[in-house]
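Right, one structure below, let's go through it.
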Amino acid sequence: MTTAHDTAPLPRELSDVRGWFPALDQVLFEWLLTRQENRGERGDLLELGVFMGKSAIFLGRHLRPGEAFTVCDLFESDAPDQANTKEMAKSYASLTREAFERNYLSFHDALPTVLQGPSSLAAEHIKPASCRFVHVDASHLYEHVHGDIATAQQALLPNGIVVLDDFRSEHTPGVAVATWEAVLNRGLHPICLSTQKLYGTWGDPGPVQDELIAMADAREDCGLSIQDAAGHRIVRLRSRGMPAPDFPYSRHGAPVAKDRPAAVAGTSSAPQTRPPGKKPGRSPVARIAVDVLPPVITRAVRRRRSRRY
Ligand SMILES: C[S@@+](CC[C@H](N)C(=O)[O-])C[C@H]1O[C@@H](n2cnc3c(N)ncnc32)[C@H](O)[C@@H]1O
């Protein structure tokens, strides 16, 4: 069956791929995965729910030699129950596996292992304690998310990271219930919250939280607040006009008239033009203003700038 997505233009850059992957979450994925890599933490990657491939394409760039990347999605297959069938018809009606694969191969030379079917399939295919990073973003109904969290817990290495999508959106109460239930009853420790996602671990969240707080503190474009809840340190992060990290163009080439430096097309190892997590530089005028204006005025200017985003 040919759908509108199959005939959509080939993506030139990640932002051309339809999906739900805000800049703050791209920054957090990049920071957390790079931190693991810098610390020599190796392990497989798993994503439940890929849609058109936006976050999978991003994750695929972090695949290191010897690691496996597995994704699972229903695509055109039947959903396992009525409620999930309704969810699919409402939100992902025109999705095809072909459209996902076409997008993915625009950025990478090879596909991940693709499991087509309900996310419960992953529990059978993924070896226990083999993954360093699991993104749970398939069905947003309670029973499914509950099962997906169990899959993630079993799949993850001791300090591995799970990301739970839409844990507090108005239209996804089931994810909220499953998420906080996992925190309160199933030993999941929150690392941080973005607007859409909860990042957690069944390991010790303290060291990664400390580094994350320092990273967020150093960025003007990242709001940070810390609270305690039921014995957990809750680190809440917020974008203040944060740009997405640089990501290489696809093999279909750089857009013609874009105000950004050209990155290398079609490779998974192309260099980024700004190191992840680094504060974007201020313009010379802004730098002088910060140096010469009284702090009260500088703070007011910063507040105005952050309100613009
Ligand atoms: C929110 S989208 C994923 C978005 C994607 N991660 C991104 O960043 O663009 C949810 C995906 O989950 C899939 N899905 C829904 N129910 C599922 C189930 N029970 N098992 C596996 N996949 C499912 C849908 O087909 C859809 O592609």
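Read-outs throughout are calculated quantities, based only on the coordinates presented, and are distinct from any laboratory measurement. Because the structure is a prediction, the values reported are computed rather than measured. Note that each Cβ is placed from the backbone with ideal geometry, even for glycine, and that neighbours are counted across all protein chains shown.
A few notes on this one:
- Estimated from the Cβ-Cβ distance and a Förster radius of 25 angstrom, the FRET efficiency linking Thr34 and Val177 is about 0.20.
- Estimated from the Cβ-Cβ distance and a Förster radius of 35 angstrom, the FRET efficiency linking Glu170 and His232 is about 0.90.
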